[in-house]
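A short reminder: the numbers here are calculations on the coordinates, not readings from a lab. Keep in mind the model is a prediction, meaning the values are calculated, not measured. Don't worry about glycine lacking a Cβ; one is built from the backbone with ideal geometry, like all the others, and counts go over all protein chains shown.
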Amino acid sequence: MRILVTGGAGFVGSHLIDRLMAEGQEVICLDNFYTGSKRNIIKWLDNPYFELIRHDITEPIRLEVDQVYHLACPASPVHYQYNPVKTVKTNVIGTLNMLGLAKRVKARFLLASTSEVYGDPDVHPQPEEYRGNVNPIGIRSCYDEGKRMAETLSFDYHRQNNVDIRVARIFNTYGSRMLENDGRVVSNFVAQALRGIPLTVYGEGSQTRSFCYVYDLVDGLMRLMNGDHIGPINLGNPDEYTILELAQKIQRMINPDAEIIYKPLPQDDPRQRQPDITKAKTLLGWQPTIPLEEGLKLTIDDFRDRLELTHQPLKS
Ligand code: NAD
Ligand code: UDP
Ligand code: UDP
């Protein structure tokens, strides 16, 4: 099969490409390198079954493929808020173009949506039926409303044009190859502890998140793509932690003397988040297998290698 992965040079996309290439598929990676990096896919560049195209999905492109994994979109608040109008364009115009492509070539299309469509949820844990509590005019709206529109477009192309869609609602995912400066909580805490600088907990650290290791997530995405259910289906690890618990865990694992400091909570920061994965379990036979401690160890090893490679000062 020939498979298009948009955002394939990014964190999740590059792990997905590793799995698809290992399966013997032909892969086209489309990326504008906003948050992605060639380093993530460098090992495939000489492989005849792999093709890299530098392209911004807000512009149309014609390709012949059998499946589209549509991941292109910055995922970290720091990056998606840097140019919010561009984030909206990527989610709306970019998704429209990729759906237009899927329609033309009759490819199956999987949208990487997000738990952010639930906003600051007042139902806990969040099942797929929950319609969310989203601020349409806040600083996160370019991303969460953008993804809600991407879901709307996907379902309208499905109803109107018979595009064969799959929609995954991805919860917080972490692992190797996260950018050390992307501002997400796991990458921030790991990089801070390795550098010997204080871990920055926003607010009191009582807000919760549920963290899924990237290998588990990729397995869920592939099962969804190749299964019979269009979704939306939540993909995430239901083990929920407060942000302070996460900071303390990473502190213990890297440097028990590392300091924890408190910074203001960003606007509209969701108070709690935990996936209800009943659908993923029953419809896809999927559930996460990698516990937080184990996934953090893999992540820390990867960050340690990369921070040493870039000669950052280490004090641990
Ligand atoms: P990432 O920032 O590492 O990867 C996104 C990739 O998309 C990058 O390689 C970037 O260069 C590329 N990109 C961005 N805008 C583009 C554009 N206009 N044209 C072409 N390429 C573009 O993020 P990630 O964590 O790998 O996330 C991948 C997808 O999964 C995103 O759609 C994100 O919304 C979704 N998701 C991720 C998480 C998570 O915790 N990582 C959670 C929920 C949803
Ligand atoms: N599109 C694309 N590649 C394709 C087919 C379509 O980028 O192979 C774009 C097309 O340029 C348009 C969008 O996808 O902007 C939606 O396409 P569709 O055919 O649904 O709508 P139309 O072109 O009729 O507006
Ligand atoms: N967070 C934090 N310190 C950091 C980065 C993030 O306390 O250095 C908090 C953030 O306020 C949020 C949680 O950690 O409550 C998860 O943040 P992230 O940006 O990783 O993901 P999202 O908010 O999109 O779920």
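Against the main long axis of the alpha-carbon atoms of the chain, helix 11-22 sits at an angle near 60°.
Applying the criteria of a DSSP loop state and at most 16 other Cβ atoms within 10 Å to the GluC sites (Glu not before Pro) of the range 205-271 yields Glu259.
Rounded to the nearest 500, the 222 nm mean residue ellipticity of the chain from helices alone is -11000 deg cm²/dmol, with -39,500 (n - 2.57) taken per DSSP H run of at least 4 residues. Answer rounded, prolate or oblate for the range 46-185, using the Cα gyration tensor with square roots of eigenvalues a ≥ b ≥ c: rounded when a/c is under 1.5, else prolate when a/b is larger than b/c, else oblate. Oblate, because a/c is 1.5 or more while a/b does not exceed b/c. For a straight C-alpha distance cut-off of 22 angstrom, the lysines reachable from Lys263 (same-chain residues fewer than eight places away being disregarded) are Lys249.
The residues Val92, Val27, Val190, when put in order of fewest to most other Cβ atoms within 10 Å, stand as Val92, Val190, Val27. Oblate is the label for the range 166-208, because the ratio a/c of its alpha-carbon gyration tensor axes (a ≥ b ≥ c) is 1.5 or higher and a/b is not greater than b/c.
Amide H contacts of Gln274: Gln126, each under 5 Å away and 5 or more positions distant or on a separate chain (H built 1.01 Å from N in the peptide plane; Pro and chain starts excluded). Once the Cα atoms are used to define both axes, helix 214-226 deviates from the longest principal axis of the chain by about 20 degrees. In the chain, the DSSP beta bridges split such that about 10 percent are antiparallel, to the nearest 5.
Taking a 25 Å limit on the Cα-Cα distance, which of the listed pairs Lys38/Lys86; Lys43/Lys103; Lys38/Lys89; Lys43/Lys86; Lys103/Lys147; Lys86/Lys297 fall beyond it? Checking Cα-Cα distances, Lys43/Lys103; Lys43/Lys86; Lys86/Lys297 exceed 25 Å. Model label sites at Tyr82 and Glu51, defined 7 Å from Cα along the beta-carbon direction, differ in position by 2.9 nm.
For Glu204 and Glu129, the FRET efficiency from 1/(1 + (r/R0)^6), where r spans their Cβ atoms and R0 equals 30 Å, is about 0.45.
Applying a DSSP loop filter and a limit of 13 other Cβ atoms within 10 Å to the trypsin sites (Lys or Arg not before Pro) in the range 35-71 leaves Arg62. Helix 243-254 and the longest principal axis of the C-alpha atoms of the chain enclose an angle of approximately 70°.
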